[in-house]
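The values are calculated or read from the model by the stated rules, or taken from the named source; none is laboratory data. What you see is a predicted model; the values in this text were computed from it and never measured. All Cβ positions, even for glycine, are placed from backbone atoms using ideal geometry, and neighbour counts span all protein chains on display.
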């Protein structure tokens, strides 16, 4: 029996569809009933509504140990996709509870129930940087002295819990995807790229990062689980792209105006300070932090060679991913 935590998110739902088509026995966790409806709609939009019944849904937050205990009954393999994404420093406490403490709960239950294998979904945010322009690979480790954002800090803490589990008898693999593009979920963080272009975005930041198709992430997760690979990490990225090129590609696919104005570092420096000031007022959360502004002006690129060679993944061109997403949403 397979368990998928975070089954109502973008990656979790695509993973569930992949496993359902293979007619695998599986459970999936959810926090609110309305999220299940979104997954059902996604299955229907993909033409596989009849596979939705293959999923055994169980209500459980990763911070709720008694609920998780029930979920783990009969489980042999775990895909841990549940997690919280936020870059607002004020969310650090809840990020820590979900990403670190929640993952610790999953790992502890994997140990208790003698789970055969755990696949943990992490992020490229947990990797360090190189002083040169070389692509970052799996040998570039986290730098605790760097100015890391709260999301990266808690995802790194989650990884430490997984590595602890490997020392206590749990076979595990960690996947570090880049910015994930995929269809079916408008609330996915990467959907902001599409919504901003639709709303007439005029500016583009000068930086760049690694992007990946959600379907490739799912293939990597399934292959990492099925292959005799344990206690290793894999960077899962399709292509390294500048934000300008990605935004222009989305504009082309939507047949709308491209952003033409460069957003330089000095303007972002002013904007994040203004955002900090406005967040002092009650009820307003941070939208642009200092670390986020810095990332928008830097080009940090990653290597997918290990995943390509070991997991046998042929990555989709991001241009093709963008076109598919737009076609699905039209």
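Taking the range 112-136 as the range and being surrounded by fewer than 16 Cβ atoms within 10 Å (Cβ to Cβ) and either touching a helix residue (DSSP H, G or I) at 6+ places or on another chain (Cβ under 6 Å) or not in a helix (DSSP H, G or I) (or both) as the test, the residues that pass are 114, 116, 128, 129, 130, 131, 132, 133, 134. Residues that are assigned to a loop (DSSP other than H, G, I, E, B) and surrounded by fewer than 23 Cβ atoms within 10 Å (Cβ to Cβ) within the range 171-180 comprise just one, 171. The sole residue among 238, 207 that is surrounded by fewer than 22 Cβ atoms within 10 Å (Cβ to Cβ) and in contact with a strand residue (DSSP E or B) (Cβ under 6 Å, 6 or more places away or on another chain) is 207. All of (1) modelled with pLDDT of 90 or more; (2) touching a helix residue (DSSP H, G or I) at 6+ places or on another chain (Cβ under 9 Å) hold for residue 24 with one exception: (1).
In summary, strands (runs of 3 or more DSSP E) completely within the range 218-330 and bearing 1 or more residues that are modelled with pLDDT under 95 occur at 261-263. Filter the range 181-210 for residues that are part of a strand (DSSP E or B) and more than 19 Å from residue 254 (Cα to Cα); which is nearest to the chain's Cα centre (by Cα)? Looking at residues that are part of a strand (DSSP E or B) and more than 19 Å from residue 254 (Cα to Cα), I get 210.
Only residues that are under 26 Å from residue 88 (Cα atoms), surrounded by fewer than 17 Cβ atoms within 10 Å (Cβ to Cβ) and modelled with pLDDT of 95 or more were counted in the range 137-170, giving 1.
For (1) crowded, with 17+ Cβ neighbours inside 10 Å; (2) over 20 Å from the mean Cα position of the chain (by Cα); (3) in a helix (DSSP H, G or I), each residue gets a yes or a no:
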{"site": "7", "(1), (2), (3)": "yes, no, no"}
{"site": "12", "(1), (2), (3)": "yes, no, yes"}
{"site": "17", "(1), (2), (3)": "yes, no, yes"}
{"site": "20", "(1), (2), (3)": "yes, yes, yes"}
{"site": "44", "(1), (2), (3)": "no, yes, yes"}
{"site": "52", "(1), (2), (3)": "yes, yes, yes"}
{"site": "69", "(1), (2), (3)": "no, yes, yes"}
{"site": "82", "(1), (2), (3)": "yes, no, no"}
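Taking the numbered list (1) surrounded by 15 or more Cβ atoms within 10 Å (Cβ to Cβ); (2) without any contact (Cβ under 8 Å) to a residue 12 or more places away in the chain in turn, residue 325 passes all entries but (2). Residues in the range 29-39 that are more than 22 Å from residue 181 (Cβ to Cβ) and not in a loop (DSSP other than H, G, I, E, B): 29, 30, 33, 34, 36, 37.
For residue 140, the stated conditions do not hold, so it cannot be described as under 24 Å from residue 111 (Cβ atoms), more than 18 Å from the chain's Cα centre (by Cα) and not in a helix (DSSP H, G or I). If you go through the range 43-66 and keep only what is free of Cβ contacts under 8 Å to residues at least 40 places away in the same chain and farther than 15 Å from residue 82 by Cα, you end up with 43, 44, 47, 48, 49, 50, 51, 52, 53, 54, 56, 66. Scanning the range 306-319 for residues that are more than 16 Å from residue 226 (Cα to Cα) and in contact with a strand residue (DSSP E or B) (Cβ under 8 Å, 6 or more places away or on another chain) returns 306, 315, 316, 317, 318.
For residue 96, the requirement of being at pLDDT 95 or above, surrounded by fewer than 19 Cβ atoms within 10 Å (Cβ to Cβ) and closer than 23 Å to residue 286 by Cα is met.
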